[in-house]
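One structure is given here, and the rest of the page talks about it.
A short reminder: the numbers here are calculations on the coordinates, not readings from a lab. Only a predicted model underlies this, so the values are computations on that prediction, with no experimental measurement involved. With ideal geometry, Cβ positions are generated from the backbone for all residues, glycine too; neighbour counts draw on all protein chains shown.
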Number of protein chains: 2
Amino acid sequence: MDDLPSPSCPPSLSNGPPTVKREAMTDAPASSEASRPEARSPRGFNDRRARDLVAERKILAAVSEVYERYGFEALDTGAFEYADALGKFLPDADRPNEGVFALQDDADSDGNGQWMALRYDLTAPLARFAAQNWETLPKPFRRYAFGPVWRNEKPGPGRFREFVQCDADTVGSARPEADAEIIAMAVAGLEAAGLPAGSAVVKINNRKLLNGLMTTAGVSSEGQKLAVLRAVDKLDRLGADGVRLLLGEGRKDESGDFTKGAGLTAAAAERVLAFTQAGAGGRTETLDKLAGVIGGSAEGDEGLAELAAIHQALTGLGVGADRATFDPSIVRGLEYYTGAVFEAELLLQTTDDKGHPVRFGSIGGGGRYDDLVARFTGERTPATGFSFGVTRLAAALKAAGRDLAADVRGPVVVLVLDQARMADYMAVAGELRAGGIAAEVYLGTSGMRPQMKYADRRLSPAAVIIGGDEFAAGTVTIKDLDLGRALASGVADNAAWRAERPGQMTVPRTGLVAAVRAIVEAQP
Amino acid sequence: MDDLPSPSCPPSLSNGPPTVKREAMTDAPASSEASRPEARSPRGFNDRRARDLVAERKILAAVSEVYERYGFEALDTGAFEYADALGKFLPDADRPNEGVFALQDDADSDGNGQWMALRYDLTAPLARFAAQNWETLPKPFRRYAFGPVWRNEKPGPGRFREFVQCDADTVGSARPEADAEIIAMAVAGLEAAGLPAGSAVVKINNRKLLNGLMTTAGVSSEGQKLAVLRAVDKLDRLGADGVRLLLGEGRKDESGDFTKGAGLTAAAAERVLAFTQAGAGGRTETLDKLAGVIGGSAEGDEGLAELAAIHQALTGLGVGADRATFDPSIVRGLEYYTGAVFEAELLLQTTDDKGHPVRFGSIGGGGRYDDLVARFTGERTPATGFSFGVTRLAAALKAAGRDLAADVRGPVVVLVLDQARMADYMAVAGELRAGGIAAEVYLGTSGMRPQMKYADRRLSPAAVIIGGDEFAAGTVTIKDLDLGRALASGVADNAAWRAERPGQMTVPRTGLVAAVRAIVEAQP
């Protein structure tokens, strides 16, 4: 048969708007335009195709393996929780408009329709699960979980109302070593997912240090404390000068809006700022500096002792300051943290769509929260955990030069040239699959060229062509589409490649699988 | 150190009610009993732990690999669809009480809060996705998907309101070979998941045959046709006599409730029954028999021709009648099917909780539906697919003697005997993990015996014990918990095992990983 033009040449054919004619779709049912619903997904929800899913699955598989090696068991709770179980931990106090997807259940046998809501994170369901099963769980209880969470927020670009999180938590251990283990595991998980060692660091702080600081800074009320924490949390964004204003009387932003400050004296504000800047250097160095600033507050000393134990355990686990460091400026927004807090940050300088350098920032975080289970049981239950967003980690990996979906390709396509030989084409595809090669028979109704275009759009490595000549001779013709794409994109040099890799070959039927495998396994 | 009693002896210790004392949980927050929410998951939603999840993940990984080898690409749509997009395909007409979890979205910029609902299956979202992206999709479009679906039904034992489905569909091909491919892929997927070849069969029918039958049986209205289909669908449950009544005047059940019949004449009813019983024997044999019963109706002939093409393609794919057969009694409840329909059935005789033999029945099904995408576009778009419930398949595998979670074990537990040496214990666990062995340091506050009990409850293969003697001598003591369990359960003979496998050994620190690996890799 003739040597077909590669569907990748010229490139405009595959890069331009789709030109494949819609399949014949006759017998349209009698539904008028007006009565037809619009085909669109709800706003803030997105459809994810193979490339996104491949990256997500690779991340989750790698991280799951690490977490299980640390002794954490898998748990999956349902999408819904009763609203009272989610309770006050739902909306972030800083963003009161955040909400949940809630609905009232049908009435049960008691006649009460209870309110339930889709989970907002994976921590609240864990607290409910731990409280519900506390008596029968091995303690401490270590679990990891991943799955979608839902937030009824205003969607925007890159801001979805459904996204996948991955969490690991230890419930029932107050030991700082439990925090250290979570931190070491987070580091190991991020690296197993593909982040090059040294491209991310976990920054660690302790709320007790912050509380000790409050005492030494003369903070008198919970409200004032919260204002101080919020101010410190903005160090990244506003810098020392902005935070100094927020620690004192207040700050007027560019738009003229005034944010009331925490009302600290100038000396106290300086003390807070000195505290937040004690993080440079090694872990023991930072601990020494902090001891000077906190100056003997009982809670501060407790926090320091915990950080010292975390340092020891991390050292035992082989996690140095290049991967986990103490940074007193880390606050974490959620109010439920009671001890250690940590945040994993991507260190790589990345660029935005316009090529401007940007800080990628946080790719996950967590900390110790000792009060969540107590909401149900009345008994304080120590817990600590780490959480990251899977999509965000995939983006971080891409920024770090690791595209997990780079090897995604379509199946080998067996073209259909003779309708009467469908069973033979099916057998050919079956033979390739049995050889471990993804393959399919073209099942549309188009002719040869559209079939080749289809194969190209599927990113097929090769097309198998069997017409009358091949059937008669007991051969198959194989078109190397990878080569076509490599040539079209300029990756491969035409003359050099052609010499050692033919664009098309005809081999005996018995040589089919070996010939296709040679193409599939070669990296063009 | 002393030889500790195995925590598995006597077995009552691990099998009895939990005796581990609750961890000290002091400093209870001041929340009164009355204000505390009850810790429970919403009815109809269940928490799944490691064993369930391991089985589910193995199934999905194996099936995904098969589906991708058939050229199907992964797709994940969001949990919600707008209610109008789900449309009339939601509630099964036979079970009108079935519903969805729906809520009204917040008002968008147009001021309209639209109704949206959690997806009820994976087919309706695919139809919406295909319609939305039709112009840019390679056609035919093959995708597979898995994930939770939600049904707002009355929950009951084994009947959940959230469960995981796995679907594969081809949109845009009217060819019977597309049906055959789906069927062959379903067979391959079920076998890859672990079902022994021959333990399940896919039964195939065609709605067009049923329609042809209606013509020859003199069925005049859609209502009568539906009544006939529903009667045939009950053949399994009611037998030929019950179905004969439902095809004729009607049937009174055991409770005295009367179901009105389809109103066929006795001769027509016999013809329908003969049709449903034409399935015995090979595929070509069944086609021959059916040709006799259908007798020249145009739509019936079309259905026969499609089945003949499916037979040819299945033969080309190496799928014989032992794995895919024609069975005219298969109807499938959903009204949206327009051509081939198929159902995968477990053939194994299984027993219920009381040891009574039971038919396991259907483990998945599907068929051709050519009208779903047309709801959005107005243009008929041929489509065909197969769907199975993942939890149900896991149950079928268990019934077939394949417990996918049989090898689930806990981590090696490093006991803590000296609080001052935590960093050393962490290093030991780190060393084991680096050797690929799941391990953890005990992070509770209990003494030696409770730590051993903890390790036993976690199903740890071994415990690592390092006390003062070991630290001084540079050794580690390893307790073989797998052996303890094997002895306790009677699997292993005490004397024989003791001879070649010590219950406890002390080895040099440098021999730790090798010694633990020997225990972990041995099958007790």
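Relative contact order for region B:280-436: 13 percent, from Cα pairs under 8 Å spaced at least 6 residues apart, divided by residue count. Average projection, convex hull of the Cα set of region B:196-349: 9.6 square nanometres.
For chain B, calculate the relative contact order in percent as a whole number, restricting contacts to Cα pairs under 8 Å that are 6 or more residues apart. List each step's numbers first, then the result.
Numbers: 864 pairs, mean separation 80.3, N = 524.
Dividing the mean separation by the residue count of chain B yields 15 percent.
Rounded to the nearest 10 degrees, the inclination of helix B:390-399 to the longest alpha-carbon principal axis of chain B is 70 degrees.
Set the Förster radius R0 to 35 Å, insert the Cβ-Cβ distance between B:Lys398 and B:Arg509 as r into 1/(1 + (r/R0)^6), and round the FRET efficiency to 0.05. Present the calculation step by step, with values, prior to reporting the outcome.
Details: r = 42 Å, r/R0 = 1.21.
Efficiency, from the Cβ-Cβ distance: 0.25.
For B:Thr475, the amide hydrogen comes within under 5 Å of the amide hydrogens of B:Arg509, counting only partners 5 or more places away or on other chains and with H modelled in the peptide plane.
Summarising the rotation from chain B to chain A, the nearest chain B beta-carbon to the axis and its distance in Å are given as B:Leu103, 2.
3J(HN,Hα) along region A:143-148, derived from phi through the Karplus expression 6.51 cos²θ - 1.76 cosθ + 1.60 where θ = phi - 60°, amounts to 9, 10, 7, 9, x, x Hz, with x in place of Gly and Pro.
Region A:220-319: which GluC sites (Glu not before Pro) are DSSP loop and have at most 11 other beta-carbon atoms within 10 angstrom?
Working: sites: A:Glu222, A:Glu249, A:Glu254, A:Glu270, A:Glu285, A:Glu299, A:Glu302, A:Glu306; in loops: A:Glu249, A:Glu254.
Here the GluC sites (Glu not before Pro) that fit, given the DSSP loop and packing criteria, are A:Glu254.
Over the C-alpha atoms of region B:410-521, the Rg to Rh ratio, Rh being the Kirkwood estimate, stands at 0.95. Using the Cβ-Cβ distance between B:Glu38 and B:Val358 with R0 set to 41 Å, the FRET efficiency works out to roughly 0.70.
Working value for region A:193-275: equivalent-ellipsoid semi-axes of 26, 18, 10 Å, each the square root of 5 times a Cα gyration tensor eigenvalue, largest first.
Fully extended, how many nm does the chain gain between B:Ala434 and B:Asp407 (0.36 nm per residue separation, minus their Cα-Cα distance)? Numbers along the way, then the final one.
Working: separation 27, 0.36 × 27 = 9.72 nm, distance 2.10 nm.
Result: 7.6 nm gained on full extension.
Less than 5 angstrom separates the built amide H of B:Thr259 from those of B:Arg251, B:Lys252, B:Asp253, all sequence-distant by 5 or more or on a different chain. Rounded to the nearest whole Hz, the Karplus-based 3J(HN,Hα) values (6.51 cos²θ - 1.76 cosθ + 1.60, θ = phi - 60°) of region A:356-373 follow the sequence 6, x, 9, 7, 6, x, 5, 10, x, x, x, x, 9, 9, 9, 10, 5, 5, with x at glycine and proline. Here the calculated FRET efficiency for B:Asp301 and A:Ser446, from their Cβ-Cβ distance with R0 = 35 Å, stands at 0.85, rounded to the nearest 0.05. Pairs exceeding a 18 Å alpha-carbon distance, out of A:Lys234/A:Lys260; A:Lys203/A:Lys398; A:Lys154/A:Lys398: A:Lys203/A:Lys398; A:Lys154/A:Lys398.
Considering region B:365-425 at the alpha-carbon level, its Rg and Dmax are found to be 25.9, 74 Å.
Phi angles across region B:511-520 convert, under the Karplus curve 6.51 cos²θ - 1.76 cosθ + 1.60 with θ = phi - 60°, into 3J(HN,Hα) values of x, 3, 5, 5, 5, 5, 4, 4, 6, 4 Hz, Gly and Pro given as x. Ellipsoid fit via the Cα gyration tensor, region B:279-400: semi-axes of 29, 21, 13 Å, each the root of five times an eigenvalue, largest first.
Could you check how many percent of all C-alpha pairs in the protein assembly as shown are farther apart than 39 Å? The partial results should precede the final answer.
On the way: 297720 of 548628 pairs.
Roughly 54 percent, rounded to a whole number.
Counting beta carbons within 10 Å around each of B:Thr381, A:Thr123 and listing the fewest first gives the order A:Thr123, B:Thr381. Take the Cα coordinates of chain B, assign each an equal point scatterer, and use the Debye formula without solvent to give log10 I(q)/I(0) at q = 0.05, 0.10, 0.12, 0.13 Å⁻¹. With no solvent term, the Cα-only Debye profile gives -0.31, -0.94, -1.13, -1.24.
Distant-in-sequence amide contacts of A:Leu264, defined by a placed amide H-H separation under 5 Å and a gap of 5 or more residues or a different chain, comprise A:Gly248.
With loop membership from DSSP and a limit of 12 other Cβ atoms within 10 Å, the longest segment of chain A without trypsin sites (Lys or Arg not before Pro) is A:22-353. For region A:391-410 and region B:324-366, write down the distance between their C-alpha centroids in whole Å. Region A:391-410 and region B:324-366 have Cα centres separated by 41 Å.
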